[in-house]
Structure formats: structure tokens, C-alpha cells
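Remarks on the structure that follows.
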Amino acid sequence: MKPTPATDIHFYPPDQYPKKHQIRVGTLDLLRDETHPTCLWHNGHLTHDWVELCGDAPDVTCGLLLKEGAIIPGSGRYIGVNRDPDIIRRNSQAYAGDTTQWVHADILHLLSDLDNPTLHNVGVLVFDAFYSPSNLEQDAILTPVLTFARSQYERLGQFLLVINQAMRGTRSVSLAAARTRFAQSIQEYCGIDHIPDSAFITYRSRNANMRILRLSFGW
Ligand SMILES: C[S@@+](CC[C@H](N)C(=O)[O-])C[C@H]1O[C@@H](n2cnc3c(N)ncnc32)[C@H](O)[C@@H]1O
């Protein structure tokens, strides 16, 4: 992975990024949708941990899950991961207690170690990176992410994976080529011939077009 670029953004407050906030709420709504019940949600709470590339403190997704009562002592927790130790330290100070865990790591290293007990209770993974699977690095990202998702699905019986993609090409890989490669990887993984456009939620972030794909396993 590249080092964190100077242009990386670490904090996405809802008033400045309302679409992004709708996506956070939409993921939570999917879990608590009574018409499509999942064992990842019970009695108003997460039953397993939610892991995400966290933003700077106070991490907004964690704040939302706490406010909505999705994480309470004894339920699933929020695990925020970031490779910047200061972001992790600031979040640990902002959110102390048993309902959260803050991990300083490269998430791809963390996900690649399927024996690491830190993530054994994870039922939801939100992969939300600025350099997301829209370019040359997408295989390096997708392989550990998809392998982890399948492993947790087998462990827990259900799983939710949310992938946030910046719709950007690079000098060496055009956006069209990156999109095709992404579609091929997901199709092969899911054993399908085609991903309908309707499977994606598209939105405009401040400086890029974004696409969200949510894959629910087992429900
Ligand atoms: C898009 S922000 C997260 C926003 C947050 N999920 C939210 O909803 O507000 C992604 C963060 O993860 C960091 N990051 C990107 N790739 C990473 C990786 N492979 N491992 C750890 N941290 C990473 C970025 O530097 C940035 O601070």
C-alpha cells in the first residue's frame, strides 16, 4: 500500500458530507430492517462487531452507532482501525469503554491474519478508504477483504461487507479498466455473470464520484 497521501481526508462531519452520512445511516438501516432480518442484529443492537477504517476523532460512524443504541455493553462493538497512531489515540480518548476498540494497524495486514482473535467476532466490515478499489491496487485490497468476509461468514453464519469505491483511474489504469476489473473480481467471487448497476449506490463526495457496494452474506 502507498503511504497515506497528503491529500487524504480523515474527518467527514455530516454537515459537510451529508451524502456520506446517509450511507452510514443506510448501512445501519439495512441491519435493522425488520423485513429482512439478520442474526447480526437483535433487539436493537449489533450482535457482532462492526469494523471500519475510522476517521479522525470523534469518529462519526462510532458516534452514530452509540447514539442509535446499536452498540451497548454486552453487544457487538465498534472496532476502528487506522494506520495513523494519533487518530487512534484521539479516538481512544474520545470514546473510552467496552463498546469500542481502537486499533493502530494497516487494515489489510490485520484482515490477512485470519487467526488473529481481534477480528473473530466481526460481522460487519466497512472498507472505506480514499484509495479504494478503483485502481491498480484493487487486487491487493480486494483479495484480503473478500477472503476475510468469506471466512467470517463461515464462522458466524452471516456477514455484511460494505465497499466504498472512489471512481478514479490512475495514470496507468483508466477508470474504465478499473471498473471492469472490479466487476470481474466481484462476479467471480459471488459466482454471478453480471452485477446490475442498481446494486451500486453512487454519490458525489467533495472531490470525487463514489460508489458503494453492499454484499450481504447468508441473508
Ligand atoms: C475515508 S477515511 C474513513 C472515514 C470514516 N469511515 C467515516 O465514515 O467517517 C479512511 C481513513 O483510513 C485511513 N486508511 C486508508 N487505508 C488504510 C489502511 N489500509 N489501513 C489503515 N488505515 C487506512 C486513511 O488514512 C483515513 O484516515
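No lab work stands behind these numbers, since they all come straight from the coordinates. None of these values were measured; they are calculated from a predicted model. Virtual Cβ from ideal backbone geometry, glycine too; neighbours counted across all protein chains shown.
Using a cutoff of 8 angstrom between alpha carbon atoms and counting only pairs six or more residues apart, the relative contact order for the stretch 173-219 works out to 21 percent.
Averaging the Cα positions of each part gives two centres, and for the stretch 22-80 and the stretch 155-195 these lie 24 Å apart. Across the options GLY169, THR118, PHE200, the greatest Cα extent toward the positive end of the charge dipole of the stretch 74-201 (unit charges at beta carbon of Lys, Arg, Asp, Glu) belongs to GLY169. Based on alpha-carbon atoms, the Kirkwood radius and the radius of gyration of the stretch 83-203 give Rg/Rh equal to 0.99. Placing +1 on the Cβ of every Lys and Arg and -1 on the Cβ of every Asp and Glu, with no other charges, gives the stretch 18-217 a dipole of roughly 660 debye about its Cα centre. Of all DSSP beta bridges confined to the chain, the antiparallel ones make up roughly 45%. The calculated pair-distance distribution of the stretch 43-104 uses every alpha carbon pair, bins of 5 angstrom beginning at 0, and gives 4, 22, 34, 23, 11, 4, 1 percent.
Taking THR143, THR35, THR180 as the candidate residues, the one with maximal mean-square fluctuation in a Gaussian network model of the chain, Cα springs under 10 Å, is THR35.
Orientation-averaged projection of the chain equals 11.7 nm² [convex hull of Cα atoms, one quarter of hull surface area]. Summing Lys, Arg as +1 and Asp, Glu as -1, what charge do residues with Cβ under 13 Å from the Cβ of ILE9 carry, ILE9 excluded? Computed value for this residue: -2. Placing +1 on each Lys and Arg Cβ and -1 on each Asp and Glu Cβ, with no other charges, gives the stretch 49-165 a dipole about its Cα centre of roughly 240 debye. Considering only alpha-carbon pairs that sit under 8 angstrom and 6 or more positions apart, the relative contact order computed for the stretch 18-217 is 17 percent.
Put simply, the amide H of THR170, placed in the peptide plane, has neighbours under 5 Å in LEU175, leaving out anything fewer than 5 places away on its chain.
Considering only HIS36, HIS120, HIS48, the mean-square fluctuation computed in a Gaussian network model of the chain, springs between alpha carbons under 10 angstrom, is largest for HIS36.
Considering only SER75, THR35, GLY63, the residue lying farthest towards the positive end of the dipole of the chain is GLY63, judged by Cα position with unit charges set on Cβ. Applying the criteria of a DSSP loop state and at most 16 other Cβ atoms within 10 Å to the GluC sites (Glu not before Pro) of the stretch 1-95 yields GLU34, GLU68. Considering only TYR153, GLY218, GLN16, the residue lying farthest towards the positive end of the dipole of the chain is GLN16, judged by Cα position with unit charges set on Cβ.
As a rough footprinting exposure proxy, the listed residues VAL162, VAL25 were ranked by other beta carbons within 10 Å of their own, and the order from fewest upward is VAL25, VAL162. A cut-off of 5 Å between modelled amide H atoms, ignoring neighbours fewer than 5 places along the same chain, links ALA129 with ASN164.
Starting from the amide H of THR100, placed 1.01 Å from N in the peptide plane, find each other amide H under 5 Å away whose residue is 5 or more places distant or on another chain. For THR100, whose amide H was placed from the backbone, the distant partners under 5 Å are TYR78.
Normalising the average separation of contacting C-alpha pairs (under 8 angstrom, six or more residues apart) by the number of residues puts the relative contact order of the stretch 15-102 at 26 percent.
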